[in-house]
Structures are given as structure tokens and as C-alpha cells.
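*Asks:* Take this structure first; my questions come after.
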Amino acid sequence: MDVGAQAKEHHLGPDGVRRFLSDNPDFLRDDPSLLAELGLRPDAANVVDFGPAALARVHEAHRRESSARKHIEATARANFSAQAQTHGAVVDMLESRNHADLARRVDELSRQRFGLAAGVVALEGPERTPAGWRILVEGQIDMIIGHDRVALMGFQPTALGLFGERAGSIRSMAMVRMAIWEPSREGLLAFGSEDEHGFTEDMGAELVAFLARVVERTAERWPVL
């Protein structure tokens, strides 16, 4: 029985294969079809060399690893930048002097810090609405984002009216409910983007929700006049 048949018969494991090849150095070199299948080739110096197929596999593995690493690094940088901008936005909002100034700052930071088209603070109810805030009828927030939803990411046609004269350029939105004062009144913090992929349904709303909580607490400093 030849050595090839012995190898098949004993079902060698990795260590056994290594020992077998070490004890039989001519096994691979003298089997051109097996070398071709493995993507290897013997060079003129009688040394097994990597062939094109093997090199291609190594290159593809390296490309995938490099691509995954770059994606992770880019995601980490984007998350860090978003968090840093959010912290800066919080400081801006806490410096508001009144409700109108708060609404102005929300719109301003949306454009200057986050590169968005608009930022809006809206409030429901027949009672007085602060200057600079969007006026909504009771139940309108439910119509915009749904009865049982706290936040909505993506495009919602019923929300375009929130953005006034800039509504025509809005392609996606991020919106979070608010509850302000006691007894509480329903409010909404909304950001609009000109990019249809700026806000998508699979995105988390944590940072936007955090900003909404800051708007709530800041707005409660003053009575509605």
C-alpha cells in the first residue's frame, strides 16, 4: 500500500498530517494535482511556493479584515463626534434665557452642530403656547408618530408641517415626545434632515431622546406667558 492510501486509511488529524508531511517531504511535491487544488506550486529550488489561488485567498482575507477594522474605527469616530456635539448642544440649551430663546437655540444647533435642516419644539393644547414654538392641536402628536410610540426615526409625511417653510427640503426626521410642566402637556422635539438617509428606522433614538429630556427640564424653568 502506498503512503497516500495509508494517509486516507488512518484519517489523520492536523498533527498527524503535519508529521506525515514531515516524514514524507516528496508527497506534496510529487502530486501536481493536489498542489494545484491547494493553490501551491513547487519552484525551481524545489521549495513549495504560494500560487495565485493561495495568494488571492490571503489577499481577500486581509481585505475583509482591513475593511471591518476601518468600519469599526469609522463608527467609533462618528459615535464620539455625535456625543461630543450632543454635550455641546446641552450646554447651549441650558444657557437659554426664555422659551423663545430655547426654540431658537434648538433650531440653530441642529444646523450648526449637526448639519441638519431644522430643529423644532412643538406643543399641544388649547392653552397658550410659548413664543417660537410650533402650535399643535390636541392629539396631533399621536397622528404624527403613532399612539404608543415615544420616538420616530425616518420619514413621516404627517410631520412635514412642523418644519414650516423648510418642509419642502426635509427628507427624513427624528422626533421624540416630551411631557412638560405639571399637569403635563404633550410636546414634541423634532429634527429634520435634507438627506433621506439622515434618519432611518433602524437608528437608535437615544441621543435625540436625551436632548428632549434637556428641553423639558429647561422649559420648566419659566411659566408660559
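The values are calculated or read from the model by the stated rules, or taken from the named source; none is laboratory data. Just so it is clear, the model here is predicted, and its values are computed rather than measured. Ideal geometry is used to build each Cβ from the backbone, glycine not excepted, and the neighbour counts take in all protein chains shown.
*Asks:* Among the numbered criteria (1) under 27 Å from V224 (Cα atoms); (2) polar (S, T, N, Q); (3) modelled with pLDDT of 95 or more, which one does S184 miss?
*Replies:* (3)
*Asks:* Would you confirm, using the coordinates I've provided, whether V150 is of a type in the set (V, I, T), under 16 Å from E194 (Cα atoms) and in the same structural domain as D195 (by TED's automatic domain parsing)?
*Replies:* no
*Asks:* Can you name every residue in region 184-225 that is within 21 Å of T158 (Cβ to Cβ) and part of a loop (DSSP other than H, G, I, E, B)?
*Replies:* Across region 184-225, the qualifying residues are E194, D195, E196, H197, G198, F199, T200, E201, D202, M203, A205.
*Asks:* In addition: Out of region 187-225, which residues are farther than 19 Å from G115 by Cα and in contact with a Gly (Cβ under 7 Å, 6 or more places away or on another chain)?
*Replies:* Across region 187-225, the qualifying residue is only E201.
*Asks:* State whether one or more residues within region 153-172 are among the small types (G, A, S) and in a loop (DSSP other than H, G, I, E, B).
*Replies:* No.
*Asks:* Any residue that is among the aliphatic types (A, V, I, L, M), out of contact with any strand residue (DSSP E or B) (no Cβ under 6 Å at 6 or more places or on another chain) and either surrounded by 20 or more Cβ atoms within 10 Å (Cβ to Cβ) or assigned by TED's automatic domain parsing to the domain that holds A122 (or both) - is there at least one of those in region 158-171?
*Replies:* Checked region 158-171: at least one residue is among the aliphatic types (A, V, I, L, M), out of contact with any strand residue (DSSP E or B) (no Cβ under 6 Å at 6 or more places or on another chain) and either surrounded by 20 or more Cβ atoms within 10 Å (Cβ to Cβ) or assigned by TED's automatic domain parsing to the domain that holds A122 (or both).
*Asks:* Based on this model, can you work out whether G168 counts as under 17 Å from G198 (Cβ atoms), free of Cβ contacts under 8 Å to residues at least 40 places away in the same chain and not aliphatic (A, V, I, L, M)?
*Replies:* Here the answer is yes, as G168 does meet what is asked.
*Asks:* Moving to a separate point now. Identify, from the list R105, R97, R113, the residue that is more than 17 Å from I170 (Cα to Cα) and either loosely packed, with under 15 Cβ neighbours inside 10 Å or among the aromatic types (F, W, Y) (or both).
*Replies:* Exactly one residue qualifies, and that residue is R97.
*Asks:* Continuing with the same structure: Residues A209, A219: which one is touching a strand residue (DSSP E or B) at 6+ places or on another chain (Cβ under 8 Å) and in contact (Cβ under 8 Å) with a residue 60 or more places away in the chain?
*Replies:* Residue meeting the stated conditions: A219.
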